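See below for the structure under consideration.
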Amino acid sequence: MKIFDAKATGENIKTKCEQANITPKDISRVLNVDLSTPYYWFQGKSLPRMDVACRLADMCKCSLDDLFVLVEEED
């Protein structure tokens with residue numbers, strides 16, 4: 001079974017935002033989230049809800065697959 005790798009996903013989100021010149025302040029304003037929220041995503045402490053992630057991917061001009069990292073769950 002595959003699960004999200006929160007840390008790797010956070011790193012991907014941060015990288016994609018940097019490549020698109022999108023700041024945490026931009027994310028906060030456009031997605032209507034608290035300014036601290038993008039920083040939590042970047043650190044892998046939390047992940048965006050799917051509806052927010054779709055909008056974030058659109059902002060970054062990438063797919064959800066480019067943002068999220070799935071790994072095999074360890075038994």
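Where a number appears in this text, it was derived from the coordinates with a stated rule and is not lab data. These numbers come from a predicted model, not from an experiment. Cβ: placed from backbone, ideal geometry, glycine included. Neighbour counts: every protein chain shown.
Side notes on the structure shown:
- The set of residues in region 24-73 that are acidic (Asp, Glu) and touching a residue at least 40 places away in the same chain (Cβ under 8 Å) comprises 66, 72, 73.
- Odd one out for residue 21 among (1) free of Cβ contacts under 8 Å to residues at least 24 places away in the same chain; (2) in contact with a strand residue (DSSP E or B) (Cβ under 9 Å, 6 or more places away or on another chain): (2)
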